[in-house]
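The values are calculated or read from the model by the stated rules, or taken from the named source; none is laboratory data. These figures come from a predicted structure and were not determined experimentally. Positions of Cβ are generated from backbone atoms using ideal geometry, with glycine treated the same way; all protein chains shown enter the neighbour counts.
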Amino acid sequence: MAALVSRPCNRFAGDVRVPGDKSISHRALMIGALAAGETVIAGLLEGDDVLRTAAALRLMGVAADRQPDGTWRVHGVGVGGLGEPGDVLDLGNSGTGARLLMGLVATHPFTAHFTGDGSLRRRPMARIAEPVSRMGARVIAREGGRMPLAVIGAQEPVPIAYDLPVPSAQVKSAVLLAGLNAPGTTWVVETRPSRDHTELMLRHFGADLAIEPTTGGGRAIALTGQPELTARPVRVPGDPSSAAFPGIAGLIAGNGEVTVRNVGLNPLRAGLYETLAEMGADIAYADRRTEAGEPVADLTFRSSRLRGVVVPAARAPSMIDEYPVLAVAAACADGETRMQGLAELRVKESDRLAAIADGLARAGADVTIEGDDLIVRGNGRPPAGGGPVETRMDHRIAMAFLVLGTAAADGVAIDDDGHIATSFPGFVALMNGLGGRIEATA
């Protein structure tokens, strides 16, 4: 762990690839672990979050290993074939890994113990405990449904029909993964579509899964349990959340022109790019294609004069992880940007809503919180900068404010880079290779 400072650069430009999509990487490992045969994964994110998922699967009898050519090979054990872990499943900082694995093990007849780092142990897991308990599992947790906790798997799992209280890809995915080892049909109903990486990946491996529209624009997802999943190759696209950091630096830093190759553009993940277009960002798309059911393209970001916009709450599920770096772009824009309906940010790796507002204030931006809305007022120029910004053990807060430092006259300092590698190993080197000036503070 180190304190870093990011200083303004004269030109921010180049051609790069970002690490593989974290959400897809988790799912490729987990669903590959339940498929018959050997799944070969190219482009897997090798950040700490995903490596923790691989380690947890190994503790349950799955062979999942990196090969000399950089691919990963997963030897699946079949649906229902996981074994009782021989040790505690330590998911580090990974909320996605923890919540999805809780669902995965809930319909296996054994007990699994979960823990994580200080940040993860503060995050609520009751939203997973409630539906898996209805399927026959028991979850014993600390007050508030927090880790450390134990999942006592169902001896005779039952399928359920579950209405999501709020749109959440993690909760939806946990229920679907639990439903794989339950007889009959498991239903999940969401009032607004959330990320569908799990549905696409399940179909890729041969699951019987149907999706029906519901009144008001929602979706009902039906999964037939106890399928025969078959190993399939997976090529993980670049993470659109990670692409946002060098991309937005290209928009706000001096003489910016950054091309990011192989970016996943799932429509349920592309809310940030829709918002940036509304703000006047110059972003060009090239070589659009589809890989493992996911749309992919190469994106070029050029220095732009951004304007403030209203970001509706309905868009939040498609960009929930990108609000820290969007807020940085908003601080450099002309006019007011109002980001509505951000209650979910309060239960991320940190209280991201508070962390964003505090960091922007320390960097000299005009920012307020009204209820669950974040309001940033810019004057068309980057704020002066400053810090140190408290990252609160949150990788996206750390990276977002290092991006702001590429444009702020006085640069921006952060207090801790220790969690950046959970999602973006090599972030500082990549940014500096494009012209960034990020270095450890004295």
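Observations, loosely collected:
- Taken together, the residues in the stretch 412-433 that are crowded, with 24+ Cβ neighbours inside 10 Å and under 21 Å from Pro382 (Cβ atoms) amount to 4.
- Residue within the stretch 100-120 that is over 27 Å from Arg232 (Cβ atoms) and either among the basic types (Lys, Arg) or assigned to a helix (DSSP H, G or I) (or both) present: yes
- Residue satisfying all of: in the stretch 118-135; surrounded by 20 or more Cβ atoms within 10 Å (Cβ to Cβ) and hydrophobic (A, V, I, L, M, F, W, C); nearest to the chain's Cα centre (by Cα) among these: Leu120
- Test for Phe114: is it closer than 29 Å to Gly43 by Cβ, of a type in the set (Phe, Trp, Tyr) and either surrounded by fewer than 24 Cβ atoms within 10 Å (Cβ to Cβ) or not assigned by TED's automatic domain parsing to the domain that holds Leu268 (or both): yes
- Residue selected from the stretch 299-317 under the condition in contact with a Pro (Cβ under 9 Å, 6 or more places away or on another chain) and within 22 Å of Ala357 (Cβ to Cβ), by the criterion modelled with the highest pLDDT: Ala316
- Looking across Leu430, Leu402, one residue alone is in contact with a Ser or Thr (Cβ under 6 Å, 6 or more places away or on another chain), within 22 Å of Ser303 (Cα to Cα), not hydroxyl-bearing (Ser, Thr, Tyr) and not in a strand (DSSP E or B). It is Leu402.
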